[in-house]
Amino acid sequence: MIKPLVNLLGLNAQELGQLVQDLGWPRYRTHQILQWLYQHRVPAIEGMTNVSKADRERLQQVATVYRDEQISRRIAKDGTEKFLWRLVDDLAVETVLIPEERRRTLCLSSQVGCTLDCGFCLTAQMGIKRNLRAPEIVGQVLNVQAQLPEGDHITSMVFMGMGEPLMNFDAVAEAIQRLTNLEWGLGFSPRRITVSTAGWIPRFPDVRRLGVNLAISLNGTTNAQRDYLMPAVNGRYNLDALIQACRTYLEDSERPLTFEYVLIAGVNDSVEDANRLASLLRGLRCKINMIPFNEFPGNPFRRPRPEDIDVFQQTVRRRGLDVFLRKSRGDDVLGACGQLGRSASEVLEGMPTRSKQSLPMYAES
Ligand code: SF4
């Protein structure tokens, strides 16, 4: 039986070092290969031109460079783009590119589906299929970057796509290492990366150590509201524990927190809610992003009226907090916040399966 090739993007720096050693090559070769993978972003070993032809051929006998296949790229009226990738096991995930005047923000997925069950989120309806591996996360960046016009590049990244990133922390941390490493990685500043969590507080100190931004998807100002909207996470770590974890986080962090607040008509958008939100977050170094609920078929929640959104924002602002309205982007292709998932699970149905031998092997396979 032919052994599948090892995906070089699937190896971390130590594992690649081991492969280089097994091939009897000098240690500096590891660094060279990493630079080809992440800085020059070659799609194949053939392109690693400072490695001798003989050594490239030797490497091609055992390894390959494999990025997940792109199934679709849909462009919304406002320019937001939604990409769908097919993973090696025929599951699918989505990534959203949000272009603004001088910024290109990439919204990354960290799980296929999600472990949590937020009632306003389409991904939650899929349940959890599995965690993404680090190369499947970094691959979203490499694949999208490769399709941008010359001179254009991704300016920031947010882990706000499918999944709860802090429940797949090891892979997310490894991906962030590859995205931020200056010697051989993609060289992004950690300040340009935001990890968004529904409130998985045990991992907050780990996020702080990574030096990236932390955003909390809050959405409720009482335990009753969070139990209703986000029962799994609030059942585990209630609002008091969450706010205490935020205070502790800020004690040792230079970076302020961001609170995301999905506004849902008649659920959490009243003046009382706005006042409670201001009281809850008083004294925390933070800003609040209001996200009017993005409706999707089959969900009973509704987006508040613009005038109610305005009153909510003014109420919080008068209490001295920085509160911003996030424009809804890409909702006509179900690419807006909370709308990812359904197409990912449906689109691969009926597509021909692929031979396992044509696909690379990951370290744990
Ligand atoms: S909002 Fe985020 S954490 Fe909640 S179910 Fe959706 S993907 Fe998961």
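Overview of results
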item: Some residue of the stretch 170-186 being in the same structural domain as Gly119 (by TED's automatic domain parsing), of a type outside the set (Lys, Arg) and within 16 Å of the ligand (Cβ to nearest atom); result: yes
item: One residue from Asp310, Asp322, Asp332 being modelled with pLDDT under 95, charged (D, E, K, R), away from the ligand (no atom under 16 Å from the Cβ) and assigned by TED's automatic domain parsing to the domain that holds Glu251; result: Asp332
item: Selection count, the stretch 114-123, where residues are under 15 Å from the mean Cα position of the chain (by Cα) and surrounded by fewer than 23 Cβ atoms within 10 Å (Cβ to Cβ); result: 1
item: Residue in the stretch 250-273 that is within 30 Å of Asp206 (Cα to Cα), among the aromatic types (Phe, Trp, Tyr), at pLDDT 95 or above and surrounded by 15 or more Cβ atoms within 10 Å (Cβ to Cβ) present; result: yes
item: Selection within the stretch 280-298 - closer than 23 Å to Asn223 by Cβ, part of a loop (DSSP other than H, G, I, E, B) and without any contact (Cβ under 8 Å) to a residue 60 or more places away in the chain; result: Arg282, Gly283, Leu284
item: Among residues of the stretch 38-85, those that are surrounded by fewer than 17 Cβ atoms within 10 Å (Cβ to Cβ) and of a type in the set (A, V, I, L, M, F, W, C), counted; result: 5
item: Test: residue in the stretch 143-159 that is within 26 Å of Val262 (Cβ to Cβ), within 14 Å of the ligand (Cβ to nearest atom) and at pLDDT 95 or above; result: yes
item: Qualifying residue in the stretch 71-84 (condition: touching a residue at least 24 places away in the same chain (Cβ under 8 Å) and in contact with a Ser or Thr (Cβ under 7 Å, 6 or more places away or on another chain)); result: yes
item: Complete set of residues in the stretch 236-276 that are among the hydroxyl-bearing types (Ser, Thr, Tyr) and part of a helix (DSSP H, G or I); result: Thr248, Tyr249
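The values are calculated or read from the model by the stated rules, or taken from the named source; none is laboratory data. Model, not experiment: these values are computed from the prediction. Because the Cβ atoms are built from the backbone with ideal geometry, glycine has one as well, and the counts that use them run over all protein chains shown.
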